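Written out below as structure tokens is the structure these notes cover.
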Amino acid sequence: MKTFRALVMATLATGVLFVDPVAARADDPHVLPVDPSTYDSLTVTGPAFGALGGDPATAGCGSAAPDSVPNGEPIIVKIGTAAPFTVGQISAATWKNPPVTDPSWRLTFQGLMWTKSLARRAAQDDQQESLAALVAQAVQFHQADPDPGTNASGWDEGTALRRLESENCLYSLTQSADLIPGMAADAAVILGKRYYGPPNAPVHNHGLMANLALVRAGDLLGKTAWKNTAVKRMTAEAPLAFSKAGLSFEQASGYQGVNANLWGQAADVLAQTSGTQTAAATLRQAVNKAWTAFAWETEPDGKIVQIGDSEESTGRAAPRNTARTLRDDQTGTIIGRWSWSDPRTSYYTIRYGPTRRAHGHEDRAGGVTWTTLGTRVLVGPGKYTYDKNSAWYTWQIGPASHNVAVPNGGAVKSGKTAKVKSSKIQSSAHAWTITDDIYNTPHTRSVNVSRDAHRIQISDLFTKSTLWRQNWHLAPGWTLVSGKVNGTTLTFKHTSGRRLTVTTTGRVSGIVKGKTNPIQGWHFPAFGSRTQSIDLVIRSNNRKATVTTFTVK
């Protein structure tokens, strides 16, 4: 019987993995489907620091593929809706310039992330030929597409760190020395100037993921210097990861839980490293506060509020907390609620503060969300794509998809911020006033939320402008009952049976649902998924403040 290394070397020598490979067809029942991974879904991959020795449960590979992996036969993989490919039959040109432009697809493909679930399943089923094929494919990637010294061809820090994670998985399962040169090449990227973290970039989940991958690889290969560098970085960066209130600086509720989870893993590493136990204890306190902040970002329905790049994902159970408001000037976040247990309670958020960064959207001019009586009313758009060349991305992050006001012809001015001017917190009502010059002109927004009236009232005034527009983004499920363009009153009904009345001192200038040119009237409950929803546009009627009121019964 051939040794595992002999299987790998034989595969590499032939240039093909299997005899008589079949053409990859999308309708082939043997095609193994893989979902294209989003950046945040790749950050939690099961045990981060499993034992060496081939145990699939502790190899850090994540979940096993649901279907068995062909052993001694062609392995055909399909990522998302793109055309399938055959393992071992990928050309150098394809590695360097994949046929799909979507960055999440490329991250999954060039980062070899698709190998992890297959490798874990093959190991569980003791399919040594399948494992050898996957290892050979990882080795062949580096032969076909070596590091150009730039971010091109899958050699940016984000792809390199994911590839190292994948190689960590494969090495843990197989101990194949053939993987080591590739692992060293990927480690060099995130040990060098392409590292996404200080001093070249702010603290970010990419940098932390890279350090966790280096720790794992260092342990597997006995590369003490890799681990020492990663530990040193994490120790220095930990105090900069969250605000004093526990919120991530990445400006997205979808990344709050991601960062809390990752920094919890970092605390585990520091706790197990000589000389960093004190830093680990301090970090654990910060992580606990981060999880509490994540609970604040959890709506009464148990899913997170969609702020920035986020999905309607499961939130965090309510802490033992009687507080009704959270205000964090460092991140520009206000959250209000009247109960931690009543699913019918009113819940709202207001965004302000520093310039947009990381996974944030252009909602800082007092952008709001609002839920009451168990029904979401005003929502953020969510996260549809990371493709910055897509019109969907432009709309997703821009002010038109958020609950903000924009002066006529206004454009976001770099470096401008928003701040809280005043607030009044009463037992049954909360009032906030936000001022900004984000559009290079003075703007005041007042937000008043009434618990008992199930109402939110928002006032906007641009003192040096003659015309401005309020954008309102209703949650899916609301349909128009009465009212029209140029009117001042609209009525909507919800699938839950609730009724929404919208009144304004301005004039309704748009009621749009599911428009694609230009894009307007959409909501993104999950990455890559879109559903039609109603967008309202209200224009100012005179130079006085435009006051719009939403009431649910």
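The values are calculated or read from the model by the stated rules, or taken from the named source; none is laboratory data. In this text, all values refer to a predicted model and were calculated from it rather than measured experimentally. Quick reminder, even Gly has a Cβ in these numbers, built from the backbone with ideal geometry, and neighbours come from all protein chains shown. All accessible areas refer to the heavy atoms of the entire protein, side chains included, with ligands and DNA or RNA removed. Shrake-Rupley method; radii C 1.70, N 1.55, O 1.52, S 1.80 Å.
Things worth noting here:
- Given (1) surrounded by 18 or more Cβ atoms within 10 Å (Cβ to Cβ); (2) closer than 19 Å to H402 by Cβ, index of the condition H454 fails: (2)
- Test for A82: is it among the small types (G, A, S) and closer than 22 Å to L214 by Cα: no
- Qualifying positions in segment 227-241 - of a type outside the set (A, V, I, L, M) and open to solvent by 20 Å² or more (accessible area, probe 1.4 Å): K227, N228, T229, K232, R233, T235, P239
- Yes/no for I425 being under 25 Å from K383 (Cβ atoms) and touching a residue at least 40 places away in the same chain (Cβ under 8 Å): no
- Apart from one condition, K383 fits all of (1) touching a helix residue (DSSP H, G or I) at 6+ places or on another chain (Cβ under 9 Å); (2) over 27 Å from K515 (Cβ atoms); the exception is (2).
- Among the candidates A160, A217, residue that is in contact (Cβ under 8 Å) with a residue 24 or more places away in the chain, crowded, with 18+ Cβ neighbours inside 10 Å, in contact with an Asp or Glu (Cβ under 7 Å, 6 or more places away or on another chain) and closer than 24 Å to G264 by Cβ: A160
- Against the test of being under 30 Å from T463 (Cβ atoms) and under 22 Å from the mean Cα position of the chain (by Cα), the options R327, R357 yield a single qualifying residue, R357.
- Of all residues in segment 377-395 being closer than 27 Å to R498 by Cβ and not in a strand (DSSP E or B), the one that is farthest from the chain's Cα centre (by Cα): V379
- Options L112, L107, L42, L12: the member that is part of a helix (DSSP H, G or I) and either modelled with pLDDT under 55 or under 28 Å from G382 (Cα atoms) (or both): L107
- Strands (runs of 3 or more DSSP E) contained in segment 434-553 and holding at least 3 residues on the phi < 0 side of the Ramachandran plot and not hydroxyl-bearing (S, T, Y): 443-450, 455-461, 468-473, 478-482, 489-494, 499-504, 507-513, 522-526, 534-539, 546-552
- Matching residues in segment 325-377 - criterion: being open to solvent by 10 Å² or more (accessible area, probe 1.4 Å), among the hydrophobic types (A, V, I, L, M, F, W, C) and touching a helix residue (DSSP H, G or I) at 6+ places or on another chain (Cβ under 7 Å): L326
- Residue pairs meeting the criteria (Cβ under 7 Å; at least 6 apart or on separate chains; first over 21 Å from S91 (Cβ atoms), in segment 126-150; second polar (S, T, N, Q) and assigned to a helix (DSSP H, G or I)): L131/T174
- Residues in segment 374-415 that are of a type in the set (K, R) and modelled with pLDDT of 95 or more: R376, K383.
- Residue-level analysis places G254 outside the set of residues that are more than 23 Å from L164 (Cβ to Cβ), buried (at least 22 other Cβ atoms within 10 Å of the Cβ) and touching a helix residue (DSSP H, G or I) at 6+ places or on another chain (Cβ under 6 Å).
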